[in-house]
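The block underneath contains the structure these notes are about, expressed in structure tokens.
We did not get these values from a lab; they are worked out from the coordinates using the rules stated. A quick note: this is a predicted structure, and the numbers were derived from the prediction, not measured. Using ideal geometry, Cβ is built from the backbone for each residue, glycine included, and neighbour counts are taken over all protein chains shown.
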Amino acid sequence: MEKRYRLELVGITFNQIESGVYALILQQMGSDRRIPIVIGFPEAQAIQCKLQEVSTPRPLTHDTMVAALEAFGIKLKEVEIKRLPNGVFAADLFLSNGEKLMAIDSRSSDAIALAIRVGAPIYTTESVLKEAGIVPEKNGEEKETDYDNLAEKDEIKNIDLSEMTIDQLHAAMANAAENENYEEAAKIKKEINRRTEKSDSE
């Protein structure tokens with residue numbers, strides 16, 4: 001079985017631009033390695049409301065789901081962040097009724113929104129950290145992981161995105177989001193979505 005590491009939620013970068021791109025930052029506990037996950041406004045809002053303990057007039061979707069699970073005696077034991085073959089982040093929810101443990105596929109943002117509401121631990125594997133992790137350097141810049149000699153982040157704007165691999169695009173998007181360059185992150189995300197939609201239609 002592949003080694004797993006526990007993650008902690010560092011926060012959400014909220015410098016909003018027209019595209020509504022936000023970055024959810026997870027960090028390996030006991031290490032500087034981070035995983036930035038680009039999410040949309042609704043998901044960011046659901047997570048931030050819980051982090052700031054904002055009281056809403058009516059339950060949010062994730063609050064309702066937690067209440068439904070508790071009503072039937074089901075507990076969220078843990079969450080594991082994973083990556084699909086197309087490079088998109090996803091997660092497994094490990095749910096237990098006290099007798100049986102089951103893994104349920106989920107979006108990563110939904111899984112995290114649920115985990116922070118019930119205090120469930122968040123994990124990921126060594127391979128995900130190796131592929132998607134970045135390490136902030138002391139001068140505030142990030143050190144990219146090995147993505148086939150991906151160009152330095154300051155040179156990304158000069159690269160034709162259509163010539164980059166899907167892994168390189170995800171690495172570049174993570175770096176842009178971590179540096180709060182949301183316009184560039186949105187541009188890269190658009191290229192990733194274009195390829196994903198093309199792949200699904202073939």
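Extension gain for SER55 to VAL135 (0.36 nm times residue separation, less C-alpha to C-alpha distance): 25.3 nm.
Here is the list for region 31-109: trypsin sites (Lys or Arg not before Pro) lying in DSSP coil, each with at most 15 other C-beta atoms within 10 angstrom of its C-beta, are LYS100. Count Lys and Arg as plus one, Asp and Glu as minus one, and take only other residues whose Cβ is under 13 Å from that of SER106; the net charge is then -4. In a DSSP loop and with at most 10 other Cβ atoms within 10 Å, the GluC sites (Glu not before Pro) in region 38-113 are GLU53, GLU99.
Entry note, region 4-130: relative contact order of 25 percent, from Cα contacts under 8 Å with a spacing of 6+ residues. For region 1-95, the list of chymotrypsin sites (Phe, Trp or Tyr not before Pro) that fall in a loop by DSSP and count at most 14 other C-beta atoms within 10 angstrom reads PHE14, PHE72. Spacing of the modelled spin labels on MET1 and GLU99, each 7 Å from Cα toward Cβ, amounts to 2.3 nm. Over region 4-130, the reciprocal of the mean inverse Cα-Cα separation, the Kirkwood hydrodynamic radius, stands at 15.2 Å.
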